[in-house]
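Engineer: Sharing a structure here in structure tokens format.
The values are calculated or read from the model by the stated rules, or taken from the named source; none is laboratory data. Keep in mind that this is a model prediction, so the values were computed, not measured. All Cβ positions, glycine included, derive from the backbone under ideal geometry; neighbour counts span all protein chains shown. These area figures cover heavy atoms from the full protein model, side chains too; ligands, DNA and RNA do not enter into them. Shrake-Rupley method; radii C 1.70, N 1.55, O 1.52, S 1.80 Å.
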Amino acid sequence: MPIRDPLHVLQFGPMWMLSAITGTESFAAIDREVFAEILDNVIHRTPAEAREVLQTVADAGPDLFLDFELDDRPLVSGIRHIAEVLSAGDSDFAADYKLALLRIGIGIAKARGPYGRQVSAENEQQLLLVAELLC
């Protein structure tokens, strides 16, 4: 099945990371607040082209979350779609974007882990699975 809008798939990437760690596709207000902080932090550490895509996520706010919640793709399909979109483009951008997604996932996992500083064993397994799917 062809991907209708590659940018939209990439915009959902950070939310699929949030979903992978929280285990849900409908997020509480606190999840969204922490997500926004982590996203902002990662945006500032990401090279230009990938940063621009992540910035569109931050700029879209609640509307993009609503689109995500209405999307019917399960997590694994979503991550595979990201990998498919990235494989068709520039390899530097792909590497930068994948690293940014993993940084988002690690940030969320740390926020949920012991003392807000460690990734739990369960979340570590989720991150490893997502990393494998992105390859």
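Engineer: With (1) without any contact (Cβ under 8 Å) to a residue 40 or more places away in the chain; (2) under 17 Å from GLY78 (Cβ atoms); (3) in contact with a Lys or Arg (Cβ under 9 Å, 6 or more places away or on another chain) as the list, and HIS44 as the residue in question, which single condition is left unmet?
Structural biologist: (2)
Engineer: Hey, another quick one. All but one of (1) at pLDDT 95 or above; (2) touching a Phe, Trp or Tyr at 6+ places or on another chain (Cβ under 6 Å); (3) of a type outside the set (A, V, I, L, M) hold for ASP96; state the number of the condition that does not hold.
Structural biologist: Only one criterion in (1) at pLDDT 95 or above; (2) touching a Phe, Trp or Tyr at 6+ places or on another chain (Cβ under 6 Å); (3) of a type outside the set (A, V, I, L, M) is unmet by ASP96, namely (2).
Engineer: Kindly evaluate VAL42 against the criterion of being open to solvent by less than 30 Å² (accessible area, probe 1.4 Å) and under 15 Å from ASP96 (Cα atoms).
Structural biologist: Numbers: open to solvent by less than 30 Å² (accessible area, probe 1.4 Å): yes; under 15 Å from ASP96 (Cα atoms): yes.
Criteria met by VAL42.
Engineer: With respect to the numbered conditions (1) under 15 Å from the mean Cα position of the chain (by Cα); (2) modelled with pLDDT of 95 or more; (3) of a type outside the set (Lys, Arg); (4) under 19 Å from HIS8 (Cβ atoms), which one is the sole condition not fulfilled by GLU49?
Structural biologist: Result: GLU49 passes all but (1).
Engineer: Anything in region 68-115 that is hydroxyl-bearing (Ser, Thr, Tyr) and surrounded by fewer than 19 Cβ atoms within 10 Å (Cβ to Cβ)? List them, or say none.
Structural biologist: Hits for region 68-115 are SER77, SER87, SER91, TYR115.
Engineer: Could you say which residue among GLU33, GLU25 is surrounded by fewer than 14 Cβ atoms within 10 Å (Cβ to Cβ) and acidic (Asp, Glu)?
Structural biologist: GLU33
Engineer: Restrict the check to region 25-33 and report whether at least one residue is β-branched (Val, Ile, Thr) and either in contact (Cβ under 8 Å) with a residue 40 or more places away in the chain or in contact with a Cys (Cβ under 9 Å, 6 or more places away or on another chain) (or both). Spell out the reasoning first.
Structural biologist: Going through region 25-33, the residues β-branched (Val, Ile, Thr) turn out to be 30.
From the residues that got through so far, the ones that are either in contact (Cβ under 8 Å) with a residue 40 or more places away in the chain or in contact with a Cys (Cβ under 9 Å, 6 or more places away or on another chain) (or both) too are none.
For region 25-33, residues β-branched (Val, Ile, Thr) and either in contact (Cβ under 8 Å) with a residue 40 or more places away in the chain or in contact with a Cys (Cβ under 9 Å, 6 or more places away or on another chain) (or both): absent.
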